[in-house]
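Heads up, the thing below is written out as structure tokens.
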Amino acid sequence: MSETIETIMEWHKETFPDTTLAEQFHKFELEKKEFLKAKSTIDGLKEIADMYIVACGFSRFNEPISKLLFKKVNSACLLIDVIDEELQKAIDEKMSINRKRKWHKVNGEWRHIDENN
């Protein structure tokens, strides 16, 4: 399945029904920090995919801000020379994993139950 903003946003609504805009912003910042710490292009690409997924979730709340976040995703891609096809593949792979995970809220933050995946 090739994921789109719409398919990710729908999954996000179903999976995180009570998440807030502030929580999403915090999550994006965490993913951005993980991208900046990435030691390889492959790790960086995985973190960019996470940033993209969070930006899609943001679309539920505030489209102008989500567009700004997508620009940050594009900038991150430029930093490590990632092309659209590579990003789409990484997003699809990450969403395949995310869709199989069980999620719960811990201290106001959504986390997957098995933190090893």
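Is there a residue being in contact with a Gly (Cβ under 9 Å, 6 or more places away or on another chain), part of a helix (DSSP H, G or I) and either buried (at least 16 other Cβ atoms within 10 Å of the Cβ) or of a type in the set (A, V, I, L, M, F, W, C) (or both) anywhere in the stretch 38-54? Taking every residue of the stretch 38-54 in turn, none turns out to be in contact with a Gly (Cβ under 9 Å, 6 or more places away or on another chain), part of a helix (DSSP H, G or I) and either buried (at least 16 other Cβ atoms within 10 Å of the Cβ) or of a type in the set (A, V, I, L, M, F, W, C) (or both).
Residues considered: 48, 53. Of these, the only one that is in contact with a Cys (Cβ under 7 Å, 6 or more places away or on another chain) and in contact (Cβ under 8 Å) with a residue 12 or more places away in the chain is 48. Candidates 102, 27: the one that is at pLDDT below 95, surrounded by 14 or more Cβ atoms within 10 Å (Cβ to Cβ) and in contact with a strand residue (DSSP E or B) (Cβ under 8 Å, 6 or more places away or on another chain) is 27. Whenever a residue of the stretch 89-102 is touching a residue at least 60 places away in the same chain (Cβ under 8 Å), its partners that are part of a helix (DSSP H, G or I) and buried (at least 20 other Cβ atoms within 10 Å of the Cβ), lying with C-beta atoms within less than 8 angstrom and at least six residues away or across chains, give the pairs 91/8; 91/49; 91/52; 91/53; 95/8; 95/53; 98/53.
Yes or no, residue by residue, for (1) under 23 Å from residue 103 (Cβ atoms); (2) in contact with a helix residue (DSSP H, G or I) (Cβ under 8 Å, 6 or more places away or on another chain):
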position	(1), (2)
5	yes, yes
19	yes, yes
33	yes, no
39	no, no
58	yes, yes
62	yes, yes
77	no, yes
86	no, yes
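The values are calculated or read from the model by the stated rules, or taken from the named source; none is laboratory data. Note that the structure is a prediction, hence the values are computed from the model and not measured. Note that we place each Cβ from the backbone using ideal geometry, even for glycine, and neighbour counts take in every protein chain shown.
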